[in-house]
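Enquirer: Have a look at this one.
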Amino acid sequence: MFRGAIVAIVTPYKDGRVDEEALRELIEFQIESGTDGIVSCGTTGESATLSHEEHDRVIEITIDAVRKRVPVIAGTGSNSTTEAIRLTEHAYKAGADGALLVTPYYNKPSQEGLYQHYKAVADAVPVPIILYNVPGRTAINLLPETDARLSKISNIAGVKEASGDLKQISRVVELCDDDFVVLSGDDFTVLPILAVGGRGVISVVSNIIPEDMAAMVDAFDDGDLDKARGLHHRMRSVMDACFLETNPVPVKAALAMMGKIEYELRLPLCRMSDANYEQLKQIMTDYGLIW
């Protein structure tokens, strides 16, 4: 179910509130461009600064707008297991096809604590769960051996790997069965992760170049490695630009340049520096995304 180019969609704001109209239009843009799935309320969706009411509503809007055309994966992770269960239950009842749960941040649990956390959520809610390992943000690394243990739980379907460690990611693929899906969590690692057995990506740059990211994954699946490599190298400038500052600041700036959303974030995130904004604008122009 979870493969290909899946977008970690932004949450657009207008005058400080969630912009439902812009979110629905972004979803149409994604589906028309060949995106294989949509993650709502992930890191790129600024889940950390959404209220619980907003978090629930954004997931509901996304499910309603998608209308089962592609899978919807709801970001429902928390550093509180009880809260993660509550968020996951809501997403399941709202009709999400899956849930993406980041490793508990700040607490720094042991590997056993991570196992028990995910097992508790999986036991409580019968929805396919994707683990999310991003040690650069959470200060904890979900190890391949823990992935392997968790993969034996029937509704734990895969992992979004954003460690950037290809040796570790290769080990995850080796230790887990074929039905456990490994997805890249970093745009620049998609092609190498596909090469070692990954199935796709949960992507930031797909917010602005969804067609190219989907085409790259499809080309790899079709055995057209020259095309896949060409698209990888073509997208590199945009990949780099999207991380000139903390995600999702640059990608929201880029979408605003394209006229798709307002250029709004919530503190403690703020607008890009003038120098980085101009660098992003030039890359967007060179790519043909703005004129």
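Enquirer: Based on what the data block shows, is T62 buried (at least 16 other Cβ atoms within 10 Å of the Cβ), at pLDDT 95 or above, within 15 Å of I6 (Cβ to Cβ) and touching a strand residue (DSSP E or B) at 6+ places or on another chain (Cβ under 9 Å)?
Expert: Yes; evaluated as a whole, the condition is true for this residue.
Enquirer: Exactly one condition in (1) more than 18 Å from T35 (Cβ to Cβ); (2) surrounded by 15 or more Cβ atoms within 10 Å (Cβ to Cβ); (3) of a type outside the set (A, V, I, L, M, F, W, C); (4) in contact (Cβ under 8 Å) with a residue 40 or more places away in the chain is not met by R236; state its number.
Expert: Among (1) more than 18 Å from T35 (Cβ to Cβ); (2) surrounded by 15 or more Cβ atoms within 10 Å (Cβ to Cβ); (3) of a type outside the set (A, V, I, L, M, F, W, C); (4) in contact (Cβ under 8 Å) with a residue 40 or more places away in the chain, R236 violates only (2).
Enquirer: When you go through (1) in contact with a Ser or Thr (Cβ under 8 Å, 6 or more places away or on another chain); (2) farther than 24 Å from L269 by Cα; (3) among the hydroxyl-bearing types (S, T, Y) one by one for T82, which number turns out not to apply?
Expert: In the conditions (1) in contact with a Ser or Thr (Cβ under 8 Å, 6 or more places away or on another chain); (2) farther than 24 Å from L269 by Cα; (3) among the hydroxyl-bearing types (S, T, Y), T82 misses (1) alone.
Enquirer: Then there's this: Suppose we filter D165, D226, D222 for residues that are over 26 Å from I130 (Cβ atoms) and without any contact (Cβ under 8 Å) to a residue 12 or more places away in the chain; which single one remains?
Expert: Exactly one residue qualifies, and that residue is D226.
Enquirer: Would you pick out the residues in segment 6-29 that are among the charged types (D, E, K, R) and over 15 Å from G259 (Cα atoms)?
Expert: Those that are among the charged types (D, E, K, R) and over 15 Å from G259 (Cα atoms): D15, R17, E20.
Enquirer: Continuing with the same structure: Looking at S151 and the list (1) modelled with pLDDT under 95; (2) in contact with a Cys (Cβ under 9 Å, 6 or more places away or on another chain), which single condition is not satisfied?
Expert: Failing condition for S151: (1).
Enquirer: While we're looking at this one, here's another question. Can you go through R57, R69 and tell me which one is at pLDDT 95 or above, over 21 Å from L183 (Cβ atoms) and either over 16 Å from the mean Cα position of the chain (by Cα) or not polar (S, T, N, Q) (or both)?
Expert: Going through R57, R69 in turn, the sole match is R57.
Enquirer: Does K281 meet the test of being surrounded by fewer than 19 Cβ atoms within 10 Å (Cβ to Cβ), among the basic types (K, R) and over 21 Å from the mean Cα position of the chain (by Cα)?
Expert: For K281, the condition - surrounded by fewer than 19 Cβ atoms within 10 Å (Cβ to Cβ), among the basic types (K, R) and over 21 Å from the mean Cα position of the chain (by Cα) - is met.
The values are calculated or read from the model by the stated rules, or taken from the named source; none is laboratory data. Everything quoted here is computed from the prediction, not taken from an experiment. Don't worry about glycine lacking a Cβ; one is built from the backbone with ideal geometry, like all the others, and counts go over all protein chains shown.
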